Each structure stands twice: as structure tokens, then as C-alpha cells.
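Let me begin by presenting the structure, written as C-alpha cells, before commenting on it.
Quick note: the coordinates plus some simple rules give every number you see, no bench work behind them. Because the structure is predicted, anything quoted here is derived from the model rather than measured. Neighbour counts are summed over all protein chains in view; Cβ atoms, including those assigned to glycine, are modelled from backbone coordinates with ideal geometry.
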């Protein structure tokens, strides 16, 4: 008996590798899209929080300016002695 010209496993291993490659690309694409969606969502949440914090800082600055104005009215340019 003569040996076949190609090994017996070659007829199914090459298509199996091709199927696995396509499956890997598909899973990778799904994972990439899921991560992109999650990161976009997190970015939007962080942006909203940043705007909220900026608004809070603005309120604090206004309150501080008002307090400084009242102190200025009451005591003028009073400076404590450094003795």
C-alpha cells in the first residue's frame, strides 16, 4: 500500500483553524464593542459629575466672596499684628 499524498488530518484541521479564526475575530469584536460601550457610559457619568462639582465649586466661591465682603464691611482692612 502506498501512503496518501496528504496526511488524513489535513483535510479537517485547516477548515477547523479557519473556523476558529473567524470565531476568535467575532468574539474579539463583540468584546471590543462591549468595552467601548461601557467606557462611553463611564465617560458620560464622569462628565456629569464634573459639571456638578464645577457648579458646587461656583456656589462655594460665591459664598466665600459674600462672606469676605461682609467681613470687609465690618472690619475693613484689619490685619493682625505679627508681634
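Things to note:
- Per-pair calculated FRET efficiency, R0 = 41 Å: residue 52 and residue 6 via Cβ, rounded to 0.05: 0.05
- Inter-label distance, nm, simple model (7 Å from Cα along the C-beta direction), residue 63/residue 27: 5.4 nm
- Using the Cβ-Cβ distance between residue 14 and residue 44 with R0 set to 41 Å, the FRET efficiency works out to roughly 0.35.
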